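Read the structure below first, then the notes.
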Amino acid sequence: MKISQLMGPLGMAAYISLAVAFLTGILKFKFHVKWINMKWHIWAGILAITFATLHLAVFIYINFF
């Protein structure tokens, strides 16, 4: 597998985890849904930052090296 083939999946994973973090935050803080665990919101945010950083690293590697 070429490293350039990781661009799409990493970008999609970043957006999906960002959407999950956003939705769990909205459900927890605005609508006060009791079964939403705060750990889900935190881990979704950490995953979003991680996937976005990896996506950026692959982009920089492909375009500049």
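The values are calculated or read from the model by the stated rules, or taken from the named source; none is laboratory data. This structure is a prediction, so every number in the text was calculated from the model and none was measured. Glycine also receives a Cβ, built like all others from the backbone with ideal geometry; neighbour counts cover every protein chain displayed. With ligands, DNA and RNA removed, areas are computed over all heavy atoms of the protein, side chains included. Shrake-Rupley method; radii C 1.70, N 1.55, O 1.52, S 1.80 Å.
Considering only residues that are β-branched (V, I, T) and open to solvent by 80 Å² or more (accessible area, probe 1.4 Å), look in the range 1-43 and name the one that is nearest to H55 (Cα to Cα).
Looking only at the range 1-43, we keep the residues that are β-branched (V, I, T), and these are 3, 16, 20, 24, 26, 33, 36, 42.
Going one step further and asking which of them are open to solvent by 80 Å² or more (accessible area, probe 1.4 Å), we end up with 16, 42.
Working: I16: 13, I42: 20 Å.
In this case the residue turns out to be I16.
Out of the residues in the range 19-65 meeting the condition of being touching a helix residue (DSSP H, G or I) at 6+ places or on another chain (Cβ under 6 Å) and not in a helix (DSSP H, G or I), tell me which one is farthest from M7 (Cα to Cα).
Ranking the candidates gives V33 first.
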